[in-house]
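What follows is a set of notes on a single structure, which appears directly below.
Read-outs: derived from the displayed coordinates by stated rules, not from any lab. Note that the coordinates shown come from a computational prediction; the quantities given were computed from them, not determined experimentally. Note: ideal-geometry Cβ built from the backbone for every residue, glycine included; neighbour counts use all protein chains shown.
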Amino acid sequence: MDVKVKNLLKKIPKIEQGQKIVLGIDGLSRSGKTTIVRNIEQHIQEKNILSCVLHIDDYIVERERRYNTGHEEWYEYYQLQWDVEWLKENLFQKLKESNELQLLTYDNHSDLQKLHTVKIPDTCLIIIEGVFLQRKEWRNYFDFMIFLDCVREERFHRESIETQTNIGKFEKRYWKAEDYYMETVSPIEQADLVIHN
């Protein structure tokens, strides 16, 4: 992985003093996004480059806004899991202008969003990882986009045994939303770099 990360970092725009570069790590569930982010973070720390990592799943909405809404389950996952416009205005549009973001962060235990401050250094690599990052509302805010491509069977095997038993949820919710994303957004074609993982 280390060699892969070194080669990958050569392709990302160089960070000049006073500049913020926004890197997207896009990929479907269990494609290896978190692992590659950890490796990038470790590598750039060794080079004394500051980073700010944002996980898009930290900004999902409360359950009542994304479950049992009357819409199909895949639609709830793709369209309602995040407040897409709110994130566009309060996260993506402010990434390069502001050193401090006020973001509604989701707490799974309380099922509430709480305002959380994220500090962004003047010179840094901002890494945003998550699913569906290349949706039209967000795509233009990234300087460089990586898509992790991994076949569904492999990704499913990476789920816990307990999670795998609820295959109905994958069929109705996750996989249909993933298919919609792949067909309508074409993330592999849109990405600056595709890594087969």
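Miscellaneous remarks
- From the list Trp86, Trp74, the one residue that fits, being under 30 Å from Lys176 (Cβ atoms) and surrounded by fewer than 16 Cβ atoms within 10 Å (Cβ to Cβ), is Trp86.
- Selection status of His109, farther than 21 Å from Ile60 by Cβ and without any contact (Cβ under 8 Å) to a residue 12 or more places away in the chain: no
- Yes/no for Val53 being closer than 30 Å to Lys14 by Cβ, under 14 Å from the mean Cα position of the chain (by Cα) and hydrophobic (A, V, I, L, M, F, W, C): yes
- Of all residues in the range 62-72, at least one satisfies being touching a residue at least 60 places away in the same chain (Cβ under 8 Å), out of contact with any Ser or Thr (no Cβ under 9 Å at 6 or more places or on another chain) and either of a type outside the set (D, E, K, R) or more than 25 Å from Asp192 (Cβ to Cβ) (or both).
- Residues (of a type in the set (A, V, I, L, M, F, W, C) and part of a strand (DSSP E or B)) located in the range 167-197: Leu193, Val194, Ile195
- Among the residues of the range 103-119, those identified as loosely packed, with under 14 Cβ neighbours inside 10 Å and closer than 22 Å to Ile21 by Cβ are Thr117, Lys119.
- Checklist (1) in a strand (DSSP E or B); (2) in contact (Cβ under 8 Å) with a residue 40 or more places away in the chain applied to Leu115, failing item: (2)
- Yes/no for Ser98 being out of contact with any Pro (no Cβ under 7 Å at 6 or more places or on another chain), within 22 Å of Ser29 (Cβ to Cβ) and either surrounded by 15 or more Cβ atoms within 10 Å (Cβ to Cβ) or of a type outside the set (D, E, K, R) (or both): no
- Scanning the range 140-196 for residues that are surrounded by 16 or more Cβ atoms within 10 Å (Cβ to Cβ) and hydroxyl-bearing (Ser, Thr, Tyr) yields a total of 4.
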